[in-house]
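Below you'll find the structure, written out as structure tokens, and then a few comments.
The values are calculated or read from the model by the stated rules, or taken from the named source; none is laboratory data. Values in this document were obtained by computation on a predicted structure and should not be read as measured data. Please note: Cβ atoms are built from the backbone with ideal geometry, for glycine as well, and neighbour counts cover all protein chains shown.
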Amino acid sequence: MNAPAFPTGTILGYPRIGRRRELKHAVEAFWAGRIDASELEARAAGLRAATRDRLASLGLGRDDSSIPESFSFYDQVLDTAIAVGAVPDRFRRLANERGTIDLAGYFTIARGEGDDAPLEMTKWFDTNYHYLVPEIGPDTAFALHAERIVAGFAEAKAAGFLTRPVLVGPVTFLLLAKAADGAPEGFRPLDRLVDLVPVYAELLAELCRAGVEWVQLDEPGLVSESIDEPRGRVIEALGAAYDALGTAARRPLLFVAAPYAGLGDALPALAAAPVEAIGLDLVRGRVPEQLDPATAAGLAAKTLVAGVIDGRNVWRGDLDRAFDRVEALRTLSGSVSVSTSTSLLHVPHDVADETALDAGLAGWLAFADQKVAQVATLERGLVAGRAAIQAELDAASAALAERAAAPGVRVPAVRDRLAALDDAAFSRAASDARAAAQEDLDLPALPTTTIGSFPQTTEIRRARARLVRGELTDAAYRELMREEIARVISLQEDLGLDVLVHGEPERNDMVQYFAELLEGFAVTEHGWVQSYGSRCTRPSILWGDVARPAPMTVEWSQYAQSLSDRPVKGMLTGPVTILAWSFVRDDQPLGDTARQVALALRDEIADLERAGIRIIQVDEPALRELLPLKRADQHAYLEWSVGSFRLATGGAAPATQVHTHLCYSEFGVVIDAIRELDADVTSIEAARSRMEVVDDLAASGFDHGVGPGVYDIHSPRVPGVDEVRSLLERAVGGVPAGRLWVNPDCGLKTRGYDETVASLANIVEAARAVRERVAVGANAG
Ligand code: GLN
Ligand code: ZN
């Protein structure tokens, strides 16, 4: 019997949250007890059915495995963990006598319960999607629980579709896991590969029995050089895992996808593996021109799935060039297919839903549905020849040309200003001169402050919704926000904080707020993408040259400052974070775009200074996230990202104290970059890691102000005075008291007022105590 061929056109995955965030609403209704599990299951099944129908209507085949089964209730890594039985001990109680975990249990692992912390969450490769980190120890008892995967396939089959199940592959699963608590020193999850692979083999056998023809195993772990595991070991693991799976007696055909970058030195090992198809990200990666004979022979024997439609951005792009890339692969293998470079999880559903977008701009865009149609077009070209799709290729090229020439895409005034910049624009005065100029801020040792936002109450959200619906005038909305600011200022004075914030009530989101006020950005109505679990963000589209038509934050900051004698921080989002959390134009280097954003922020800083604001914080929580997966690209990235921050802040007077805030504390390669930001004060997350970061920073020669967080704002828990005190005492060991700041880990917008007030009161009290202790110590010495 002839094995079924891999479909000539496919996608690696599709958004699962729903065009109107139906999954979010259903899941949250289930959490709130408003619907039961069977209602949730029914709604999810409805969504899956709609997705299959939609994909078929856009041109993917119904019966040839071209529709991926990529649904998840919360996260695909958690799904895989459950399927292979990798459940941490603290959640074992959730399993029934057969070891199965129901939907409620699944969500408990994702969200925690009581003292049982959820799985940790972290960013998925260089995207803004967060996955749940599996915990693997020497005793993790892997066991197959394939019920959901098999049922998903059967459900599609009953509806007349032959779909392709998608799983995280075994190597990536272990690379993304962390060692379980209590694992011996030096234990690595990858050590358990030999025990995990047989469970995957069993799973493949079950899928085979169910009638699955092709299965997709996602192995993006192979492309990343940022994973903390020696490269040689990763490649060895790849060989071992797929030798075993490929030679399993009963299995579907194997499609191994390697999205997010090129395979690099993992390509020969994958080419040699006994799998039938491999997916290459040809947007971020290239196939080397020179292949060794063994690799060439290996590739020639497989279906090469050309990931040429960009799954990461929203641009219609250069279809003609994409088709060239597909055709180029034909010199390597007689069997080539077309696909997206990554899952379409990272883009919104459908441009057609955006009725308020400028028509010109809409014609340059492709969201998930448009990208599926692009795949179908290229597939037709692959089958019937380029001439068959020439009209579509030409239309895409025409849209590109129109985009390049459209007003606003290249604004001479913006470009001339950037071209005229000299080195001095990127530097401030020496830090000791700045410190001297800032003395009159008259701050105590260990000054207390917060990261910017105060709780976004229901009233604030309701006011914004009413403004959007036109039920509230702009003036009335602004008045409500001013009242909120006044409340937050007086609360901070009562609490005894030293450096105040206005609380950011007027901001829907720390990026969108600026995108709405800058030229060169567009915002969407329904352009939601999943960030984690049921959480979605609606990234803005950065399509043109960026300019600031008017001050963006000055009025709010100035008003807040007018209410207090203590300094109130001006609060801006940095250029890297604005880029990271938007869909950014792909027609010029990111660094060029970042510098345009930086200039707009630089002007904002100048206006804040003129308005009497003495301390300005420029948040860069995404600095780490955009770090390229390939080492060779990291240096250039750090150059432009740090450069754009310095350009934004470089015009600040020596007397202006510049702060920055970074959310995470795993610095690794970015630690030098953080020093080079040259902010006077840097606040970072540290509460959960018990201040470890302080030593790392000290070791790297960091000698500016630093505020390691003493309050974990991810949890409603109120830290006690003694706890904060001991964290601070630990910090003074690594950072001289003269440079230490006292603040929470991050903004307070997701917290409630009760716990916020209690926590801040404890923080202020602890800071006072340590301040006194240190002063006494200094006098005695
Ligand atoms: N200033 C922002 C806030 O407090 C920072 C948020 C962030 O770092 N993600 O909300
Ligand atoms: Zn933060």
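Tabulated data
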quantity: Candidate set: the range 655-688, residues that are of a type in the set (Ser, Thr, Tyr) and within 14 Å of ligand 2 (Cβ to nearest atom); chosen: the one nearest to the chain's Cα centre (by Cα); calculated: 664
quantity: Single match in 614, 602, 585, 646 (criterion: more than 27 Å from residue 409 (Cα to Cα) and away from ligand 2 (no atom under 16 Å from the Cβ)); calculated: 614
quantity: Selected residue [on the phi < 0 side of the Ramachandran plot, within 16 Å of ligand 1 (Cβ to nearest atom) and in contact with a Pro (Cβ under 6 Å, 6 or more places away or on another chain)] from 605, 615; calculated: 615
quantity: Residue among 624, 631 that is surrounded by fewer than 17 Cβ atoms within 10 Å (Cβ to Cβ) and basic (Lys, Arg); calculated: 631
quantity: Criterion (touching a residue at least 24 places away in the same chain (Cβ under 8 Å), surrounded by fewer than 16 Cβ atoms within 10 Å (Cβ to Cβ) and either touching a helix residue (DSSP H, G or I) at 6+ places or on another chain (Cβ under 7 Å) or farther than 19 Å from residue 156 by Cβ (or both)) met by exactly one of 3, 86, 81; calculated: 3
quantity: Subset tally (residues that are over 29 Å from residue 167 (Cβ atoms) and either part of a helix (DSSP H, G or I) or touching a residue at least 60 places away in the same chain (Cβ under 8 Å) (or both)) for the range 318-350; calculated: 8
quantity: Helices (runs of 4 or more DSSP H) within the range 677-781 that include 3 or more residues closer than 27 Å to residue 648 by Cα and away from ligand 1 (no atom under 16 Å from the Cβ); calculated: 692-699
quantity: Check on residue 701, more than 16 Å from ligand 2 (Cβ to nearest atom), in contact (Cβ under 8 Å) with a residue 40 or more places away in the chain and within 30 Å of residue 669 (Cα to Cα); calculated: no
quantity: Those helices (runs of 4 or more DSSP H) lying entirely in the range 357-471 with at least 1 residues away from ligand 2 (no atom under 16 Å from the Cβ) and more than 30 Å from residue 502 (Cα to Cα); calculated: 359-364, 368-384, 390-405, 412-419
quantity: Evaluation of residue 369 against (1) touching a strand residue (DSSP E or B) at 6+ places or on another chain (Cβ under 8 Å); (2) buried (at least 18 other Cβ atoms within 10 Å of the Cβ); (3) within 30 Å of residue 538 (Cβ to Cβ) (one fails), failing number; calculated: (1)
quantity: Set 564, 490, 540, 557: member being polar (S, T, N, Q) and within 20 Å of the chain's Cα centre (by Cα); calculated: 540
quantity: Residue match in the range 721-738 (condition: of a type in the set (Gly, Ala, Ser), surrounded by fewer than 24 Cβ atoms within 10 Å (Cβ to Cβ) and within 16 Å of ligand 2 (Cβ to nearest atom)); calculated: no
quantity: Neighbours by Cβ (under 8 Å, 6+ apart or cross-chain): first from the range 215-241, over 24 Å from residue 343 (Cα atoms); second of a type in the set (Lys, Arg) and buried (at least 16 other Cβ atoms within 10 Å of the Cβ); calculated: 229/188
quantity: Neighbours by Cβ (under 6 Å, 6+ apart or cross-chain): first from the range 736-750, among the small types (Gly, Ala, Ser); second within 14 Å of ligand 2 (Cβ to nearest atom) and at pLDDT 90 or above; calculated: 747/451; 747/452; 747/453
quantity: Any hit, the range 545-561, residues being surrounded by fewer than 22 Cβ atoms within 10 Å (Cβ to Cβ) and assigned to a strand (DSSP E or B); calculated: yes
quantity: Selected residue (criterion: farthest from residue 118 (Cα to Cα)) from residues of the range 154-186 that are in contact with a Leu (Cβ under 8 Å, 6 or more places away or on another chain) and of a type outside the set (Val, Ile, Thr); calculated: 156
quantity: Selection count where residues are under 24 Å from the mean Cα position of the chain (by Cα), at pLDDT below 85 and small (Gly, Ala, Ser), scope the range 689-714; calculated: 1
